[in-house]
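A quick write-up on the structure given underneath.
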């Protein structure tokens with residue numbers, strides 16, 4: 001993989017982790033639009049609350065693009081990936097368990113309780129992604145066989161089915177009538193890795209040029225605008241089920257973001273190195289962002305007095321990511337930690 005390509009992948013990683021943290025900011029950003037009646041804070045928060053849903057799809061698309069084309073034995077898959085992820089779950093669940101005991105020492109340490117948390121993944125809500133990704137790794141050999149047998153026609157057909165599924169979802173949102181059709185290949189752990197591989201590996205810019213960055217960005221803006229206006233109408237009519245609605249647009253916004261990033265020309269060696277350094281720390285940021293975000297939250301009143309509601313909604317997650325990136329960058333100097341979190 002050349003430097004330019006790695007740069008766009010790292011750019012996607014950094015964008016995705018920012019959206020992950022924004023998704024966890026609650027009324028300080030993610031649900032700010034429910035606290036205000038209009039203005040930049042309302043529209044900006046609503047837009048970002050929809051756009052941030054691309055984070056998990058982008059991560060799975062990156063993994064699909066990087067992993068589905070690799071030749072790897074089952075032994076290597078378990079030794080290099082699955083066992084490592086299992087170790088991450090055990091270690092970081094243990095650290096989060098110690099964090100709970102520090103706040104509530106009266107609970108007492110019980111190994112069985114820690115193991116229960118390890119099995120259920122309920123010790124910290126954002127850690128659900130670890131179990132989803134471990135499921136993806138366990139299914140990876142089958143996805144590789146599937147990707148190897150798919151050509152451009154099959155990828156177009158898969159996208160067409162996703163469009164159909166989205167239209168049926170919107171119809172259900174507006175009418176309350178649900179379709180009885182089932183689309184098993186459109187589940188996140190199958191669809192996003194496959195589409196990521198299709199966009200990053202199967203699509204050949206030399207044979208058929210991808211859209212220019214400006215075109216992809218314009219399409220992304222129009223798609224987001226459509227989602228925001230519909231969400232605004234739903235909110236005006238008293239609808240509160242925004243999570244399901246936002247998920248309908250997530251795949252389109254994620255795919256357009258990948259297309260946009262792939263065509264960006266990053267010529268500066270310094271910027272590529274900076275993105276590579278940040279991208280290599282993103283997994284560690286995901287594991288520790290809850291701690292960093294809770295510390296940065298202490299400064300929110302000061303930030304708000306200077307930057308206002310929407311400025312705080314942007315700066316709070318950005319500063320949380322920056323703090324966590326710095327911490328993880330130095331933690332990765334420790335050999336064990338570097339092996340564990342990549």
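The values are calculated or read from the model by the stated rules, or taken from the named source; none is laboratory data. On a predicted model such as this, the values are computed, not experimentally measured, just so you know. Please note: Cβ atoms are built from the backbone with ideal geometry, for glycine as well, and neighbour counts cover all protein chains shown.
Tabulated values for the structure
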item	result
Filtered residue count, the range 92-106, keeping only those that are surrounded by fewer than 16 Cβ atoms within 10 Å (Cβ to Cβ) and touching a residue at least 24 places away in the same chain (Cβ under 8 Å)	1
Helices (runs of 4 or more DSSP H) contained in the range 19-88 and holding at least 2 residues surrounded by 15 or more Cβ atoms within 10 Å (Cβ to Cβ) and in contact (Cβ under 8 Å) with a residue 60 or more places away in the chain	39-51, 55-67
The listed residue being within 30 Å of residue 258 (Cβ to Cβ) and modelled with pLDDT under 95, out of 124, 67, 48	124
Residues located in the range 135-147, provided they are touching a residue at least 40 places away in the same chain (Cβ under 8 Å) and surrounded by fewer than 18 Cβ atoms within 10 Å (Cβ to Cβ)	135, 138, 139, 141, 146
Filter pass, residue 223 being part of a helix (DSSP H, G or I) and modelled with pLDDT under 90	no
Contacts under 7 angstrom Cβ, first residue in the range 165-177 being over 11 Å from residue 245 (Cα atoms), partner surrounded by 14 or more Cβ atoms within 10 Å (Cβ to Cβ), 6 or more apart	165/183; 165/186
